[in-house]
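The structure appears right after this line, and notes come after that.
No value in this document is a laboratory result; all are computed from the given coordinates. Remember, it's a predicted structure, so these values are computed and weren't measured experimentally. Cβ sites come from the backbone with ideal geometry, for glycine too, and all protein chains shown count toward neighbours.
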Amino acid sequence: MMNPISAATLAVMTTSILLATPAAAAPSVGDTCLESQGNKTTVAANGTTLRCLADDTHGWLWRVDTGKKPESTWIGAQRAWAACKTQGYTDAQCRDKLNR
């Protein structure tokens with residue numbers, strides 16, 4: 001038969017585990033972040049607010065949060081295409097104009 005753990009023993013064990021778990025270090029500008037953290041914010045060790053943003057070259061990075069809502073390059077390209085078409089250009093003309 002197993003002996004039950006007392007509440008005091010359980011509290012000591014839980015506290016020991018919590019104290020032994022290291023806290024995650026605050027990220028710095030340029031540190032990598034996960035795609036699942038995209039557009040989320042955090043605070044750097046120096047107090048600067050950072051936002052996790054996609055970078056075409058380096059993946060996802062913590063960048064200084066400017067307060068401006070980020071827009072993906074795909075969405076920007078779609079907006080440019082729509083604006084070109086609204087001006088009456090053909091598909092071929094828009095491709096030429098936007099791929100410069």
Exercise for the section: Would you list, by chain and number, the lysines whose Cα falls below 23 Å from the Cα of K69, excluding same-chain residues fewer than 8 positions away? Expected result: K40
Problem - Candidate aspartates and glutamates for bridging to K85, where Cα separation is under 15 Å - those fewer than 8 sequence places away on the same chain excluded - result: D96
Exercise for the section: Rounded to whole Hz and in sequence order, give me ³J(HN,Hα) for segment 81-98 from the Karplus expression 6.51 cos²θ - 1.76 cosθ + 1.60, θ = phi - 60°, writing x for Gly and Pro. Expected result: 4, 4, 5, 5, 5, 5, 7, x, 6, 6, 4, 4, 5, 5, 4, 5, 5, 8
Completion exercise
Listed by chain and number, the residues whose amide H is under 5 Å from that of K40, excluding neighbours fewer than 5 places away on the same chain and using placed H, are C52
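Count the net charge of all other residues whose Cβ sits under 14 Å from the Cβ of C94, scoring Lys and Arg as +1 and Asp and Glu as -1. Can you show the working numbers first?
Values: positive: R79, K85, R95, K97, R100; negative: D91, D96.
Taking every Cβ under 14 Å from that of C94, the sum is +3.
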Practice task
Would you tally the net charge around C84, using a Cβ to Cβ cut-off of less than 13 Å, leaving C84 out, and scoring K and R as +1, D and E as -1?
Solution key: +3
